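Sharing a structure, written as structure tokens. Questions coming.
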Amino acid sequence: MGLRELLNFKTSKHDEDEIKCRIRDLITLAAIDGQITDKETAFIFSLLRKEGINVENYPTDISSVHDAYPSDNDKKIKHITQMTALMMIDGECAEEEIGATVRQLLLRWG
């Protein structure tokens, strides 16, 4: 835990952009099979609430969110773990979900 978290300062612009990017990726992944289920919605909201993220503070138009992936390995692992858990939440893991997620992250993370 860093000093900012210990002192509970506001998040930086980069942190805000990473959060928006993660929300966008989770929503995009949930919708990849053509619908976002109640379980998927509840899971996404639950993840964000656990981190103290108020989703009402973020834009509803995810198409305008730019890539802002973490450079820190722990944050990368968290990002991909959350996406993997979301893929499994409905008891099915469609090939499109796996392929799209892996391809997206590999291309963007380099």
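Condition check ((1) under 25 Å from C93 (Cβ atoms); (2) in contact with a strand residue (DSSP E or B) (Cβ under 7 Å, 6 or more places away or on another chain); (3) of a type in the set (A, V, I, L, M)) across all residues:
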site	(1), (2), (3)
R22	yes, no, no
D33	yes, no, no
K39	yes, no, no
A42	yes, no, yes
L48	yes, no, yes
G52	no, no, no
E56	no, no, no
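Just to be sure, is P70 in a loop (DSSP other than H, G, I, E, B), open to solvent by less than 70 Å² (accessible area, probe 1.4 Å) and at pLDDT 80 or above?
Yes; evaluated as a whole, the condition is true for this residue.
Taking region 82-99 on its own, how many of its residues are touching a Leu at 6+ places or on another chain (Cβ under 9 Å), surrounded by 13 or more Cβ atoms within 10 Å (Cβ to Cβ) and at pLDDT 70 or above?
Residues flagged as touching a Leu at 6+ places or on another chain (Cβ under 9 Å), surrounded by 13 or more Cβ atoms within 10 Å (Cβ to Cβ) and at pLDDT 70 or above within region 82-99 amount to 4.
A further question follows. Here is a check on your reading of the model: is T60 surrounded by 15 or more Cβ atoms within 10 Å (Cβ to Cβ), at pLDDT 70 or above and among the hydroxyl-bearing types (S, T, Y)?
No.
The values are calculated or read from the model by the stated rules, or taken from the named source; none is laboratory data. As the structure is a computational prediction, the values presented were derived from the model and not from experiment. Quick reminder, even Gly has a Cβ in these numbers, built from the backbone with ideal geometry, and neighbours come from all protein chains shown. These area figures cover heavy atoms from the full protein model, side chains too; ligands, DNA and RNA do not enter into them. Shrake-Rupley method; radii C 1.70, N 1.55, O 1.52, S 1.80 Å.
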